[in-house]
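Student: Dropping the structure in here first, questions after.
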Amino acid sequence: MLAFVQKDYHNQGIGKALFEHVLHEISAANNSASTITVNASPYAVGFYEKLGFTATSEEQEKHGIRFVPMKYAIEDIRFEL
């Protein structure tokens, strides 16, 4: 899944709301997923860190696109929401 928030709408809580919706859907589906992974744009690393993601390796480049692999440990989100 790819999701982006248009630059004009940054810093309005939209990205966080989208992420919280994904967590809610995973919880509601009783999904056994334990980790969410992303290839974050270097410009978005701070956003993902605020959500609780951690980098799994240093910045990489593939086909001219730079990214930082990151993960979020879901653990038991049913108690967080």
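Student: Summing Lys, Arg as +1 and Asp, Glu as -1, what charge do residues with Cβ under 12 Å from the Cβ of residue 38 carry, residue 38 excluded? Mind showing how you got there, number by number?
Tutor: Working: positive: 71; negative: 49.
Overall, the nearby charge balance is 0.
Student: Further, regarding this structure: Return the lysines within reach of residue 71: Cα separation strictly under 23 angstrom, same-chain partners fewer than 8 residues apart disregarded; answer none if there are no such residues.
Tutor: Of all the lysines, those that pass the test against residue 71 - Cα under 23 Å, at least 8 places apart if same chain - are 16, 50, 62.
Student: Looking only at Cα atoms, what is the convex hull volume of the chain per residue, in Å³? Intermediate values should be presented prior to the final figure.
Tutor: Details: hull volume 8.6 nm³, N = 81.
Roughly 106 Å³ of hull volume per residue.
Student: Once you keep just the Cα pairs under 8 angstrom separated by 6 or more residues, what percentage relative contact order results for the chain? Working shown, then result.
Tutor: Details: 79 pairs, mean separation 24.6, N = 81.
Reported as a whole number, the value is 30 percent.
We did not get these values from a lab; they are worked out from the coordinates using the rules stated. Here the structure is a predicted model, which is why all the values come from computation and not from measurement. Counting neighbours? That spans all protein chains shown, and the Cβs are built from the backbone with ideal geometry, glycine included.
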